[in-house]
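Encoded as structure tokens, the structure appears first; notes follow it.
The values are calculated or read from the model by the stated rules, or taken from the named source; none is laboratory data. Everything numeric here is computed off the predicted structure, so don't read it as measured data. As a convention, Cβ positions derive from the backbone with ideal geometry for all residues, glycine included, and neighbour counts pool all protein chains shown.
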Amino acid sequence: MRTNQHKKYCMSIKQWVILLPILLLTGCFVGKPYKAPENMINDTYYRTDKLPTDTLNIANFSWKELFTDNKLQQYIEQGLQNNLDIRNALQQINIANAYLLQGKAAFFPTLSVGPSYNFQTNSLNTIFGQLGNGARILANQYGLGINTNWEADIWGTIKNSKDIALANFLKTQSAHQAVKSNLVASIADTYYQLIALDEQKKITEQTIIYREKNLETTKALKEAGVVTAVAIKQSEALLLNSKGILISLDNSIKLLENYFCMLLSIPPQTIERNNLDQQQINTTLATGVPIQLLTNRPDVKVAEYNYMSAFYNTNVAKASFYPSLTITASTGLQSIDFSKLFSAGSLFANATASLLQPITNKRQIKTQYEVAQANQEIAFNNYKQTILTAASDVSNALFNYDAQQQLIEIKHQEFLQYDTAVQYSQQLVNNGMGNYLDVITALQNSLTAELNYINAKYGRLSNIVQLYKALGGGWK
């Protein structure tokens, strides 16, 4: 009798040993392996024939190699350490890492251990109560056991869930890189804007001094009968105009300093900085081959990892249609007599394997699968849109950089011509041969041209920053 039972037990074990690997292997045929989308971009996206064929890309350089201003480097370093958005992005990485570790742990069975105590007394008004001849039975049971539970990953549910956690972890890392890239670009661009305003303020202050002297000269010319009172009023108006420009520049500087401090996550304060002429940036900017132009973009990586997560989520939803295999087991000691708890006779063990196939909730499972498929399609479309946006950013940055290189020289020549016109027209008036209106016009145009020349200098620096950002630089 015992031999037959032993044979049946062994046969049962053998059946499970054979069945389990088969079930586990079939899981490979339910979920599809992830494959990154291909042919998402080509040369035509950039609308330029100036793309180099080498693999060098300025985005591969660290921000310290590109931005050589010592004060700017200190501010970028400070911003990367203090900025609250950066800190929040780091915490998101910690959260995603915790979920990733949880996903990896799901492959292993759960294990719990602990003592137990059970007290039971029967009701006297039941069938079992009457069997005791009206006497209440008091029962105590003591136990010390180990319980385990394990779900076999037959259809890849656990594996795909782990892959979702991994994709989300990688996404948070790329999101952190995106925040760093944007922050570095914002700090650099704002710094260059500040030093450009400093230069414009310096020019305006010099213009005010010049126009004050010019006003005195105009008054002397009126006394000599060379010009009329109208010329004096026009000179006074020019002086007031330049003073108004100075007030606006001072206010813009203060507001921009406050914004700069916000980027650094520090209280509003005066920002020490170098001047515009000290800025040295290598103008030989390599952009890399088309496919590599966007590989550094953190936002593109975020979009792809988001699509990857949605892909694996569809696999999880699909696996819900199939049965799940769960194995539970427990072992330990049980005794109604505490003194015999640790004896050999108190040993117990049990194991249960269950294979559950969803039946009545298939519509709910189908809905989840359809929603997962739709979300995957949305994620793919968002990924493609991110690539199109990134390609547009690169194209715009390349166009702006080329245009600014040409514009800066034109603005310089424009200023020189207006400055010469001021000298000529003033000499003509001083000699009684010219119209003072020509002097006024030349003075106003000269100041505007010089301020525009400074804007062009800033634009050149700003476009380098934007090109660096568009190519995914700043986070290394």
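Which residue, of A139, A152, is hydrophobic (A, V, I, L, M, F, W, C) and either buried (at least 17 other Cβ atoms within 10 Å of the Cβ) or assigned by TED's automatic domain parsing to the domain that holds P298 (or both)?
Only one candidate qualifies: A152.
Quickly run through region 339-380 and pick out the residues that are closer than 29 Å to I327 by Cβ and polar (S, T, N, Q).
Passing the criteria: S343, S346, N350, T352, S354, Q357, T360, N361, Q364, Q368.
Quick one: would you say Q426 is surrounded by fewer than 18 Cβ atoms within 10 Å (Cβ to Cβ) and either of a type outside the set (G, A, S) or under 27 Å from L183 (Cβ atoms) (or both)?
no
In region 305-334, what residues are small (G, A, S), buried (at least 19 other Cβ atoms within 10 Å of the Cβ) and in contact with a Ser or Thr (Cβ under 6 Å, 6 or more places away or on another chain)?
Within region 305-334, A319 is the sole residue that qualifies.
Going by the structure shown, is T53 at pLDDT below 90, part of a loop (DSSP other than H, G, I, E, B) and assigned by TED's automatic domain parsing to the domain that holds P267?
In short, yes.
Taking region 238-280, which residues are assigned to a helix (DSSP H, G or I) and of a type in the set (K, R)?
Listed by number, the residues that qualify are K243, K254.
Where residues in region 69-87 are without any contact (Cβ under 8 Å) to a residue 24 or more places away in the chain and within 22 Å of the chain's Cα centre (by Cα), which of them is surrounded by the fewest Cβ atoms within 10 Å (Cβ to Cβ)?
Q81
For the structure I just gave you, tell me whether A379 is in a helix (DSSP H, G or I), surrounded by 13 or more Cβ atoms within 10 Å (Cβ to Cβ), touching a Lys or Arg at 6+ places or on another chain (Cβ under 8 Å) and at pLDDT 90 or above.
Taking the combined requirement at face value, the residue does not satisfy it.
Which pairs have Cβ atoms under 6 Å, sit 6 or more apart or on different chains, and link a residue in region 239-257 that is in contact (Cβ under 8 Å) with a residue 12 or more places away in the chain to one that is basic (K, R) and assigned to a helix (DSSP H, G or I)?
Final answer for the pair search is L239/R211; S242/R211; L249/K201.
Kindly list the number of the only condition in (1) under 30 Å from L325 (Cβ atoms); (2) among the charged types (D, E, K, R); (3) over 38 Å from the mean Cα position of the chain (by Cα) that fails for E414.
Single failed check for E414: (1).
What number goes with the only condition from (1) in the same structural domain as D189 (by TED's automatic domain parsing); (2) outside any helix (DSSP H, G or I) that K476 does not pass?
Only one criterion is unmet by K476, namely (1).
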